[in-house]
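The values are calculated or read from the model by the stated rules, or taken from the named source; none is laboratory data. For clarity, every value in this text was computed on a predicted model and none was experimentally measured. We place every Cβ from the backbone using ideal geometry, glycine too, and count neighbours over all the protein chains shown.
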Amino acid sequence: MAVLRGEQGAVQFDAAGSSNATIVGTRSWSLSTTKETLDVSKHGDTFRSFVGSMISGSGTVELVYDPDATGQAGFLEDVLTTADTADATFELFTTGTTSGTDSVSFAGIITDMEITSTVGEIDIVTCNFITSGTITGNLE
Amino acid sequence: MAAADLNSIRATIEGRLATELANSPAIPVVFHNMAYEPTPNSSWVQCLTTFGANEYLGQGLTTDSQNRIVGLVVMNIFSAKGVGPGANLVIGKRIRDLYNRVIVSGVYFDAPSGPEALASPSPEGYFQTQVRVTFEFIEEL
């Protein structure tokens, strides 16, 4: 058993969805996955019963802004994609960068991007995204 | 990318000061681990560069990752005792202007603190002020 620390993680992304590449300068990422439930309780039941339904996800990627860092510009400007068909692909790694290992992958849309510049501090970019379609987990 | 060369960072910081104080009026400057016997009633500067706490900036272990290296430059300015602070502050301004919000060779200097007069000069026999400048360097692996 081995616990993981954040510095082992990584984010890979491709706006065209063909070949994910590591975004250099990623400070953190988070993913929240939600499964809706349907109430299937019947007349006469005394306890409620549910079945799982639609699954969706959303999250955040935080970058230490560097306009020259590999992958950053394409990532943070994807929010400007009009008529976004959710063709961008993401893979969020808890450790390493081996596709399909210790990661969660999905197609998605960057829904907002915020860049902050403060005196005495490093410029930070925060991008929020939602998943679209299948979320593939490889966290076991 | 490569790990930060700490000696190169030190040389950047100290070289900047040595070049400035070699200009007229020249002021002797001494750095860490250097012997110096000051002339009585003269002005001179001691520059001490130290590296402090570092922190993670980006994910990625030893590749495609960044660390923030933080350090401190302390410059002790010594001048003749008993003749007021003017000469000392003139040197202090030269030093302060050298580093004030400057970015050189990837070293980010913050706004300097001081010159601050010290009640107990070390060595004794001088009027001593101190200028302190924190700096950062982003290490890209």
Among residues of region A:31-53, those that are free of Cβ contacts under 8 Å to residues at least 12 places away in the same chain and in a strand (DSSP E or B), counted: 1
Being under 30 Å from residue B:137 (Cα atoms), part of a strand (DSSP E or B) and small (Gly, Ala, Ser) narrows it down to one residue among A:28, A:132, A:105, A:56; which is it? A:28
Checked against (1) of a type in the set (A, V, I, L, M); (2) within 14 Å of another protein chain (Cβ to nearest Cβ); (3) in contact (Cβ under 8 Å) with a residue 60 or more places away in the chain, residue B:72 satisfies every condition except (2)
Given (1) of a type in the set (Gly, Ala, Ser); (2) closer than 30 Å to residue B:133 by Cα; (3) away from chain B (no Cβ under 14 Å), where does residue A:73 come up short, assuming only one miss? (2)
Per-region count, region B:85-101, residues surrounded by fewer than 21 Cβ atoms within 10 Å (Cβ to Cβ) and either free of Cβ contacts under 8 Å to residues at least 40 places away in the same chain or part of a strand (DSSP E or B) (or both): 7
Restricting to region B:6-53, what's the tally of residues that are in a strand (DSSP E or B) and modelled with pLDDT under 90? 1
Scan region B:102-111 and give yes if some residue there is within 14 Å of chain A (Cβ to nearest Cβ), in a loop (DSSP other than H, G, I, E, B), within 30 Å of residue A:61 (Cα to Cα) and modelled with pLDDT of 90 or more, otherwise no. yes
I want to confirm something. Restricting to region B:102-141 and keeping residues that are of a type in the set (Val, Ile, Thr) and in contact with a Phe, Trp or Tyr (Cβ under 9 Å, 6 or more places away or on another chain), which single residue is surrounded by the fewest Cβ atoms within 10 Å (Cβ to Cβ)? B:103
When region A:108-122 is checked residue by residue, the ones that are part of a strand (DSSP E or B) and either under 30 Å from residue B:101 (Cβ atoms) or within 14 Å of chain B (Cβ to nearest Cβ) (or both) are A:113, A:114, A:115, A:116
From A:49, A:99, A:30, A:56, which residue is polar (S, T, N, Q) and either within 14 Å of chain B (Cβ to nearest Cβ) or out of contact with any Asp or Glu (no Cβ under 9 Å at 6 or more places or on another chain) (or both)? A:30
Could you give me the residue pairs with C-beta distances under 7 Å whose first residue belongs to region A:55-77 and is of a type in the set (Phe, Trp, Tyr), whose second residue is in a strand (DSSP E or B) wherever it lies, and which are 6+ apart or on separate chains? A:65/A:115; A:65/A:124; A:65/A:125; A:75/A:13; A:75/A:127
Residue in region A:79-88 that is closer than 30 Å to residue B:56 by Cβ, without any contact (Cβ under 8 Å) to a residue 24 or more places away in the chain, more than 14 Å from chain B (Cβ to nearest Cβ) and not hydroxyl-bearing (Ser, Thr, Tyr) present: yes
Within region B:41-68, track down each residue that is closer than 30 Å to residue A:69 by Cβ, away from chain A (no Cβ under 14 Å) and surrounded by 20 or more Cβ atoms within 10 Å (Cβ to Cβ). B:49
Looking for something within 14 Å of chain B (Cβ to nearest Cβ), surrounded by 16 or more Cβ atoms within 10 Å (Cβ to Cβ), small (Gly, Ala, Ser) and not in a strand (DSSP E or B) - is there at least one such residue anywhere in region A:7-15? yes
